[in-house]
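The values are calculated or read from the model by the stated rules, or taken from the named source; none is laboratory data. All values derive from a computational prediction rather than experimental measurement. In this analysis, Cβ positions are derived from the backbone assuming ideal geometry, glycine residues included, and neighbour counts consider all displayed protein chains. We work out accessible area using only protein heavy atoms, side chains counted, and drop any ligands, DNA or RNA first. Shrake-Rupley method; radii C 1.70, N 1.55, O 1.52, S 1.80 Å.
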Amino acid sequence: MRINNSFMHISGWAFLLAMLALSSCKSTKFEGTAACTGRVCGPNGEAVENYHLDFGAIHSAVTGINGMFLIPELKGGTYKVSGGGKGWSSFEKTVSFRDRRRIFTAQIEPISSVYAKVEELIRQQDFKEAEKMLQRESKFNKDEKSFQFYEKLISYCKKPSEKKKQQLLNFVGEGKKNGGKGK
């Protein structure tokens, strides 16, 4: 069997030229607007309603009853996404948009899980980290009695005083008088 070497020689050059042409093309970076949709769910996959999401300082969204949200026109780029909601932990994540549509999911935990972590930090006497962790949750949870309790407990543990001790005991005592509901 005889192979036509001149054809293979020309084909090889054509292939090489095609590869060079493709490699010299600029990559097409998405610079338009994208639709960003997503879902926020709890640890067992349950939908989290009324969870607030901020995409940088430019866009925000709130989840619906099904945990879904939509931002219809988000410019391509990288965003620091943060979120929080009453009764749920907060989060931060960096997300890049390089396409016309971006689907974003976040799985979060109940605020009680955060309180358990704060308790552990208090036991380890890492009051500074416990305070930082609690403060990250303050935007949506500072009105909860549990949040206020841990805030007072950390304050007392950081710098014990008779006044702070009495405030803490009074706070706990008021909760007992009102069936564990605080003031």
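The residues of the range 71-81 that are open to solvent by less than 70 Å² (accessible area, probe 1.4 Å) and either closer than 15 Å to Glu92 by Cα or among the β-branched types (Val, Ile, Thr) (or both), listed by number, are Ile71, Tyr79, Val81. Within the range 52-70, is even one residue surrounded by 17 or more Cβ atoms within 10 Å (Cβ to Cβ), modelled with pLDDT of 95 or more and farther than 15 Å from Ile103 by Cα? Yes, that holds for at least one residue.
Applying the criterion of being open to solvent by less than 40 Å² (accessible area, probe 1.4 Å) and closer than 27 Å to Gly85 by Cβ to the residues of the range 147-183, the residue that is modelled with the lowest pLDDT is Gly182.
Of the numbered criteria (1) assigned to a loop (DSSP other than H, G, I, E, B); (2) in contact with a Gly (Cβ under 6 Å, 6 or more places away or on another chain), the one Gly45 fails is (2). Screening Ile111 with (1) at pLDDT below 95; (2) over 19 Å from Phe69 (Cβ atoms); (3) not basic (Lys, Arg) gives one miss only, at (1).
Within the range 55-70, being over 17 Å from Glu92 (Cβ atoms) and touching a Phe, Trp or Tyr at 6+ places or on another chain (Cβ under 6 Å) holds for no residue.
In summary, Ser138 fulfils each of the numbered conditions (1) open to solvent by less than 50 Å² (accessible area, probe 1.4 Å); (2) touching a residue at least 12 places away in the same chain (Cβ under 8 Å) with the single exception of condition (2).
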